[in-house]
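The values are calculated or read from the model by the stated rules, or taken from the named source; none is laboratory data. All figures in this text were calculated on a predicted structure; none of them were measured in a lab. With ideal geometry, Cβ positions are generated from the backbone for all residues, glycine too; neighbour counts draw on all protein chains shown. Note: areas computed on protein heavy atoms with side chains; ligands, DNA, RNA excluded. Shrake-Rupley method; radii C 1.70, N 1.55, O 1.52, S 1.80 Å.
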Amino acid sequence: MEYKKIDMTSYNIHLIKTKKFKTIDIRICFRKEIKKNEITIRNILSELLTYSTDTYKTKRELSLKTQDLYNTNIFSICYRNGRYSLFKFHSSFLNEKYTEPGMFEESIKLLSDVIFNPNFNDIDSFNSAFRYVKDRYKKKLESIKDNATGYSLMRMLEEMNGSMEYSYRDIGYLEDLDLITLDSLKKYYNELINNSLIDIYIIGDIDDSCVKTINKYFNFKTVKSKKIDQLIKHDHIPKKIKVVKELDNNNQSKLSVGCMIEDLSEFERNYVLTLYNLILGGGTDSKFFKIIREENSLAYYASSSLAKLDSILMIRAGISKENYEYTVKLIKKIMKSIEKGDFTEEDINIAKESYISLLNEIEDNQDAIIEAYFAKDLLNLGDIEERKEMIQKVTKEDIIKVSKKVKITTIFMLEGVGQIEED
Amino acid sequence: MKKISLKGLDQFLYYERLDNGLDVYLLPYDNKKNYIIDYVTKFGSVDTEFIPYGEKKCVKVPDGIAHFLEHKMFEQEDGIDPFTFASKTGTSSNASTDYECTRYYFEGNKAFKENLDYLLNFVGSPYFTDDNVEKEKGIIAEEIKLYDDQVEWFLDEELRMALLKNDKHRVDIAGTIDSINKITKEDLYKTYNTFYRPSNMFIVISGSFDKDEAIKVIKENKILNSFKDNFKIERKKMKEDISVNKKEVVKKFNTSNTRIGYGIKIPIGNHDRFLFSLYVGAMLKNKFSASSLFIERMQQEDLGTGIFVTRDIIDDYLLVLITARTDKPKELVKSIKEELSNVDIEAPDLERIKKTWIASSVMFSDSIAAMLGEIVDDVISFGKVISDRVDIYRSLNVKDYNKIIRSIDFNNSSVVTIYPNKV
């Protein structure tokens, strides 16, 4: 695999040449500072741009075109990463040696159409698309509680600190939806295209000649957006744990526990914390799995995960409401035991093996490869071989030291009081 | 070993049936890091009435036993448990239960031979005690509650119950909390000894591994070699009439949006199952996919969003399941019925569908997991691997389409409406 980064001033092109895959995958990432009141409009724009374009003015037309191009897959996603708002376009299509000559350029041209020709000019077709997308999104916003686990986690983060970026709802806000107009969409779209940090990744059996095609169709003329410090640190870590409960008509209760993490060095953040998380609740060998699930039968799932750029660790478990006190007690006990060094060299080695295995399998998948290069820039991580070396350097003392920096600050319990039996 | 060419994909599958009856399917890749081993028994949630090995009378075991057994397989009498064994080399281990099969898989990039041998051994070593059975009930109860709280699962379940009268595909895979509480270790041993025999099992390996090494390890495995007789399993098959159980069902659920499920029950008769399913799939794609006129109408008339169409082969029937969110359930159902009253297809539309299916197959072949999953599904649904899928797609034509599709009664259907009872 050969990697080449080309700085085009307004954007970067990352060429990843490999013969491993039958497809060509392109990802175009726009990065800007996140603003709470832009989240909803960002999501709606994302859905609108991939719904129809000025050339293919209905969903049906756009869909027919993608089918014509041998089922090329174009979609976009938006989410937050630390202080950055990310807007990513994905395109995946077969290498033209499997389809027919000219398909490479045609597929890139279509992606370019999606990005550069929004369906904003024809008022009727815009209104039709906007009405549908808005209604569909409204339904999504109204049903956030249907994903009870996700809802519980989201509420926990809001209760942790409602003014910080990590408390912003990735899905957006119902009250912002009605404020969106064609004008506000145009304005945000122009902001996105002209003032973002832009990276274009392309992976597959390609050569340098594709750079010409990329520059032809993605000639961004951004004013270089300023880079910001994406890392979120905590000004103040509360000593008292805030507990919030909400009721819902579910059979199962969803417990979410939030922990703030004190000052970490880069090595601790990128490596030690990862192993700590694996040992605590990151899989079937973790303390949470063994103790909460296997030994005590309290849960089917009990796990922990990290938001590294937010300096946060999150714990979630699906339990019966009667077991709330005991489960929280166990979680605290397990965390305390790790601070006391109650874990073995074998636990550490298993966590290291898991990490190395995940690194090994990156090259099997186009998305994982692109993500690894993206993370390398964002988190200042080394390349794969370097990362394997660094993880081996983590010691038991390192993990104990980091464990003492992880403090529970917030508990949110979505208490399930049972489904209403009704026909 | 038979070498089978997977048409149009530049890949070879190796197949052998061993003396003990085990079917082995090997799909080696030369450009991947990971391997996946999937050890499958043709025993799932539907098999609750059978004549146990060594007995003469038919017995009935509680619903959810296949899934319960899957959980308990990870218990070992002594020595190392499967999760820990796999983790030592960064290998992940998991299992899943479906209506017609139970699967145990290892995925990783190290210690292939050791992991393969261990997997064969641990699935071949049942260890059930009163205590470990009792302990699992709490865990599975939480798993059941997790799914019981999700409206998509609820709708799917209600649709199956509406379409099927007796067939066990209408019963939830995990059973109910009541049914699993009745399970004893005797039930588990009886079930295990009957269905976990090599003549009722198969193994699929995909990814980076040496096929000669693999077949050697499998052939030399002591536990597999201990099975001498060719025991023929007798399972009771429920007789299922052509007519649906209930034409209309209305329910309330803890959710925010109204949803409908439109199910069609189609007898397969003497048709080739794969071809039959394909032609029905072509009809559904033509009528209900993003490029269809129906979807365009749905969008323009605000009939609903999030339409999802699947089909499932269940014994002698093909079930079609259409679900959507909607504020106008009656109008949407009426529209679907109208759409199904004319199911003809134009040749150019069929050609376009074929093109996308062939392209998808080629894209699919890059993923070791996707190919493995397809092999397992083929064996369960059709008794063999469809190695000439791409050729079959090419052969689809309007004449054969009409012969099959025009013979189907699409009115043999059930409609489930779920109203929200959230405030």
Report summary line: About its Cα centre, region B:1-113 carries a charge dipole, from +1 on Lys and Arg Cβ atoms and -1 on Asp and Glu Cβ atoms, whose size in debye to the nearest 20 is 440 debye
Query raised in the report: Taking chain B as a Gaussian network, where each spring joins two C-alpha atoms under 10 Å apart, which residue of B:Lys239, B:Lys247, B:Lys72 fluctuates the most?
Result: B:Lys239
Query raised in the report: Given a cut-off of under 8 Å on Cα pairs at least six residues apart, what relative contact order in percent is computed for chain B?
Result: 22 percent
Report task. Take each of the peptides A:273-280, A:50-57, B:49-56, B:300-307, average the number of other beta-carbon atoms within 10 Å over its residues, and list them starting from the highest. Result -> A:273-280, A:50-57, B:300-307, B:49-56
Query raised in the report: In the structure displayed, which of A:Lys233/A:Lys405; A:Lys352/B:Lys33; B:Lys211/B:Lys355; A:Lys221/A:Lys308; A:Lys139/B:Lys265 lie more than 24 Å apart, Cα to Cα?
Result: B:Lys211/B:Lys355; A:Lys221/A:Lys308; A:Lys139/B:Lys265
Report summary line: Square roots of five times the C-alpha gyration tensor eigenvalues of the protein assembly as shown, ordered largest first and given in whole Å, equal 39, 36, 30
Query - Additional length obtainable on full extension of the chain from A:Phe75 to A:Lys393, 0.36 nm per residue less Cα span - result: 110.5 nm
Report summary line: Per residue, the convex hull enclosing the alpha carbons of region B:40-157 has a volume in Å³ of 138 Å³
Requested in this report: Give a residue-ordered list of calculated ³J(HN,Hα) values for region B:306-317 (Karplus: 6.51 cos²θ - 1.76 cosθ + 1.60, θ = phi - 60°; whole Hz; x for Gly, Pro).
Outcome: x, 6, 9, 10, 10, 9, 9, 8, 10, 6, 8, 10
Report summary line: Ordering A:394-400, B:113-119 by per-residue average of other C-beta atoms within 10 angstrom, highest first, gives B:113-119, A:394-400
Query - A:Glu295 paired with A:Lys401, simple spin-label distance in nm, labels 7 Å along Cα-to-beta-carbon - result: 2.8 nm
**Report entry** Fraction in percent of alpha-carbon pairs per bin - 10 Å, region A:94-218
**Finding:** 9, 26, 26, 26, 12, 1
Report summary line: In whole percents, the bins of 5 Å from zero upward hold the Cα-Cα pairs of region B:64-110 as 5, 21, 26, 21, 17, 8, 2
Report summary line: Checking B:Asn193, B:Asn270, B:Asn20 against a Gaussian network model of chain B (alpha-carbon springs below 10 Å), the top fluctuating residue turns out to be B:Asn270
**Report entry** Volume per residue that the Cα convex hull of region A:272-314 spans, once the total is divided by residue count, Å³
**Finding:** 53 Å³
Report task. Report, by chain and number, residues whose modeled amide H sits under 5 Å from the one on B:Thr258, excluding near sequence neighbours (fewer than 5 apart, same chain). Result -> B:Thr326
Report task. Compute the acute angle (0 to 90°) between the alpha-carbon long axis of helix A:324-339 and the principal axis of greatest extent of the alpha-carbon atoms of chain A; round to the nearest 10°. Result -> 90 degrees
Query raised in the report: Which value, in debye to the nearest 20, gives the size of the charge dipole of region A:136-234 about its Cα centre, when Lys and Arg are +1 and Asp and Glu are -1 at the Cβ?
Result: 280 debye
Query raised in the report: How much length is gained on full extension from B:Ser360 to B:Asp344, taking 0.36 nm per residue of separation minus their Cα-Cα distance?
Result: 3.4 nm
**Report entry** Cα lying deepest toward the dipole's positive end in region A:94-175, options A:Asn127, A:Ser163, A:Pro101, charges on Cβ
**Finding:** A:Ser163
Query raised in the report: Given chain B, what percent of its DSSP beta bridges are antiparallel, to the nearest 5?
Result: 80 percent
Query raised in the report: Between A:Asn37 and A:Lys221, what length comes free when the chain is fully extended (0.36 nm per residue of separation minus the Cα-Cα distance, one decimal in nm)?
Result: 63.7 nm
Report task. Only bridges with both residues in the protein assembly as shown count here: give the DSSP antiparallel percent, nearest 5. Result -> 80 percent
Report task. Please report the buried accessible area for the interface of B with A, total over both chains, probe 1.4 Å, in Å² to the nearest 100. Result -> 5700 Å²
Report summary line: region A:207-226 scanned against label point 7 Å out from A:Lys17 along Cα→C-beta; backbone N under 14 Å for A:207-212
Report summary line: Protection proxy (average C-beta count within 10 Å per residue), highest first, orders B:98-110, B:285-297 as B:98-110, B:285-297
**Report entry** Computed P(r) (all Cα pairs; region B:261-320; 10 Å bins; percent)
**Finding:** 21, 46, 24, 8, 0
Query raised in the report: What do you get for Rg/Rh of region A:156-230 when both radii come from the Cα atoms and Rh is the Kirkwood radius?
Result: 1.11
Query - Dimensions (Å) - region A:13-57, Cα atoms, principal axes, largest first - result: 43, 31, 15
Query - Accessible carbon and sulfur surface of the protein assembly as shown relative to its total accessible area, %, 1.4 Å - result: 48 percent
Report summary line: Stokes-Einstein D for region B:328-377 (4 °C, 1.567 mPa s, Kirkwood Rh from Cα pairs), in µm²/s, comes to 93 µm²/s
Query raised in the report: At what distance in nm do the modelled label points of B:Lys3 and A:Ser265 sit from each other, each positioned 7 Å from its Cα along Cα→Cβ?
Result: 5.6 nm
Requested in this report: Pairs of Cα atoms under 8 Å, at least six residues apart: use those to get the relative contact order of region A:298-423, whole percent.
Outcome: 24 percent
Query - FRET efficiency, A:Lys332 to B:Glu213 (Cβ-Cβ, R0 41 Å, nearest 0.05) - result: 0.30
**Report entry** Between helix A:103-116 and chain A: long-axis angle, C-alpha atoms, 0 to 90°, nearest 10
**Finding:** 70 degrees
Query raised in the report: Out of B:Ser226, B:Ser361, B:Ser93, any idea which swings most in a Gaussian network model of chain B, alpha carbons joined below 10 Å?
Result: B:Ser226
Query raised in the report: So which residues of region B:347-365 lose at least 50 Å² of accessible area, probe 1.4 Å, when you go from the chain by itself to every protein chain present?
Result: B:Arg352, B:Lys355, B:Thr356, B:Val362, B:Met363
Query raised in the report: Got a sec? Which residues of region B:303-317 lose 40 Å² or more of accessible surface with every protein chain in place, vs. that chain alone, 1.4 Å probe?
Result: B:Thr305
Query raised in the report: Can you give the angle from 0 to 90° between the axis of helix A:59-68 and the longest principal axis of chain A, with both taken from C-alpha atoms, to the nearest 10?
Result: 80 degrees
**Report entry** Solvent exposure of the protein assembly as shown as accessible area per residue, Å², 1.4 Å probe
**Finding:** 42 Å²
Report task. Report the far tail of the P(r) of region A:111-152, meaning the percent of Cα-Cα pairs longer than 14 Å. Result -> 64 percent
Report task. Please list the radius of gyration and Dmax for region A:10-150, considering alpha-carbon atoms only, with Å as the unit. Result -> 16.8, 48
Query - Shielding of A:355-367 by partner chains, average beta-carbon count, 10 Å - result: 5
Requested in this report: Mind jotting down the distance between the C-alpha centroids of region A:122-152 and region B:381-422, whole Å?
Outcome: 30 Å
Query raised in the report: Taking N as the number of residues in chain B, what is its Cα Rg relative to 2.2 N^0.38 Å?
Result: 1.04
Report summary line: quick shape note, chain A: Cα extents on principal axes in Å, largest first -> 62, 56, 41
Query raised in the report: Which FRET efficiency, nearest 0.05, do A:Lys240 and A:Asp342 yield, Cβ-Cβ r, R0 22 Å?
Result: 0.30
Query raised in the report: Which whole number gives the average, over all residues in A:135-142, of C-beta atoms from other chains lying within 10 Å of the residue C-beta?
Result: 4
